[in-house]
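The structure appears right after this line, and notes come after that.
The values are calculated or read from the model by the stated rules, or taken from the named source; none is laboratory data. Note that the structure is predicted; figures quoted are calculated from it, not measured. Cβ placement follows ideal geometry from the backbone for every residue including glycine, while neighbour counts extend to all protein chains displayed.
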Amino acid sequence: MTKARAADIDDLRSRFAAHGQEHVFAFWDELDAGSRTALGSQAARIAEELGDLILARDKALGQTDDERGPAIEPVDAIELPRDGGDSTRFEAARARGEAMLADGRVAAFVVAGGQGTRLGFDAPKGAYPVGPVTDRSLFAIQAQKIRGLIRRLGRPVPWYVMTSEATDAETRALFEAENHFGLSENDVWIFPQAMVPAFDFAGRLILEAPHRIFESPDGHGGSLTALAASGALDDMERRGIDTIFYYQVDNPLVRIGDPVYLGFHDERSAEMSCKVVRKIDPMEKVGIVARVDGDVGIVEYTELDDERRFARNEAGELLYWAGNLAIHVLNTGFVRRVSERAFELLPFHASAKKIPCIDAEARLATPEEPNGVKLERFVFDALASAKQVCVLEASAKDEFSPIKNATGNDSPDSCRQDLTAQYRRWLESAGTEVAADIQQIEIDHSIIDGPEDAAKAAFRNVAEAGDVIRVASGMGQ
């Protein structure tokens with residue numbers, strides 16, 4: 001090691017020691033050159049924000065002890081016409097959104113850092129096969145939807161894909177192997193979110209190996225800082241994009257680039273918008289969009305007291321009905337402002353977890369009980385900083401069927417059933433004959449991405465559609 005590099009390490013060790021984290025280098029003298037380089041590089045990156053991270057951790061833990069609680073009120077939302085909304089306003093919003101898309105102002109942005117571990121799938125979640133007939137992946141179905149947009153618009157719609165350290169390499173390899181799912185490589189931007197270290201209950205950084213500090217992804221809120229740090233936000237602005245359509249990879253029913261949603265967002269001069277579904281069952285475990293201390297925000301299911309959970313209006317409807325879909329529209333200028341003030345506007349949240357760690361003898365231990373806290377950011381925390389927020393109701397059966405669990409509700413099986421049901425509705429509304437014994441249906445979204453497209457295609461029956469509409473009878477595929 002050169003004197004200059006030794007001096008760099010001495011400086012790093014001093015900076016960590018100043019924050020009571022000198023143990024990070026406890027095994028330094030025993031490390032080989034490669035391990036020293038790895039630890040030095042990681043420590044140098046973490047050192048840039050170490051003081052802020054410690055303050056953020058302390059603040060997050062302090063918030064959990066606050067018994068006062070926020071003031072919570074129902075939020076004003078634009079309701080669907082079936083629930084009393086003005087259909088003429090929806091048509092005007094659609095036209096406005098279609099103009100935004102035609103002018104090249106909109107980008108699609110998918111948060112895809114998760115793995116399929118809970119599904120028994122050892123790969124990025126976006127690679128999970130969900131097509132009811134073809135086993136197309138989540139990524140493939142979403143790419144079809146973007147190709148459908150491009151076909152209708154006659155111009156590119158860039159797709160920004162946020163990965164994590166665990167999924168980045170596999171996601172890039174998948175996109176290469178699949179020829180970017182039929183999209184231009186120049187219009188697909190893949191980048192990882194940031195990693196953040198974890199702390200034990202004494203406030204010490206956790207080592208997972210003698211040469212490595214344990215880190216985990218910084219949450220879906222990290223998507224906003226990652227857009228800026230990766231250069232993706234710069235790329236959007238170079239393209240003339242000022243509006244970002246944000247969604248999560250595990251929901252294949254998402255209506256990417258929904259012109260009605262975009263139009264209402266623009267009409268309201270909103271900086272960030274939320275899509276919500278009407279909650280019917282007060283016990284449904286979904287976060288609620290509400291006013292929190294005067295600002296639009298999300299109240300988690302566990303944070304809603306029974307008085308509000310069961311509260312109803314004079315018509316007998318739930319007062320707090322606006323279930324969060326995690327589908328947002330954001331302005332690029334707003335994202336840049338939030339990312340530049342992330343420690344203030346995107347606070348970290350702390351949760352107790354079982355974190356792999358090493359002991360004083362450098363032996364790896366897998367704790368049976370939580371031994372520390374992980375930090376993560378929530379994207380919806382940015383709502384409080386938006387000068388204007390638009391909240392729009394959507395139909396759950398048409399736009400929301402996430403894959404969260406291996407079985408039961410919100411599982412691959414339930415999602416495939418919801419996809420087939422949606423495709424059947426589209427075809428029946430267009431007068432396309434679907435035999436009664438057909439159990440699975442799958443439509444190519446690049447050709448048909450809604451009932452209007454189905455009507456334009458005007459297939460008399462599914463056999464006439466060829467590969468555009470694939471079907472299977474019985475319970476198997």
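Quick rundown of the values:
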item	result
Members of the stretch 357-371 found to be of a type outside the set (Ser, Thr, Tyr) and touching a Lys or Arg at 6+ places or on another chain (Cβ under 9 Å), listed by number	PRO367, GLU368, GLU369, PRO370, ASN371
Selection count, the stretch 21-44, where residues are out of contact with any strand residue (DSSP E or B) (no Cβ under 8 Å at 6 or more places or on another chain), in a helix (DSSP H, G or I) and exposed (fewer than 15 other Cβ atoms within 10 Å of the Cβ)	8
Test: residue in the stretch 168-181 that is at pLDDT 95 or above, crowded, with 22+ Cβ neighbours inside 10 Å and of a type in the set (A, V, I, L, M, F, W, C)	no
Of residues in the stretch 49-68 being modelled with pLDDT under 95 and either over 27 Å from the mean Cα position of the chain (by Cα) or assigned by TED's automatic domain parsing to the domain that holds GLN388 (or both), the one farthest from GLU317 (Cα to Cα)	ASP65
Listing of helices (runs of 4 or more DSSP H) fully contained in the stretch 119-236 that carry 1 or more residues being outside the structural domain of ALA26 (by TED's automatic domain parsing) and of a type in the set (D, E, K, R)	138-153, 168-177
Filtered residue count, the stretch 437-457, keeping only those that are of a type in the set (Gly, Ala, Ser) and without any contact (Cβ under 8 Å) to a residue 24 or more places away in the chain	0
Flag if ASP359 is out of contact with any helix residue (DSSP H, G or I) (no Cβ under 6 Å at 6 or more places or on another chain) and surrounded by 16 or more Cβ atoms within 10 Å (Cβ to Cβ)	no
Selection from the stretch 252-290 of residues that are among the small types (Gly, Ala, Ser) and crowded, with 21+ Cβ neighbours inside 10 Å	GLY257, GLY263, ALA270, SER273, GLY287, ALA290
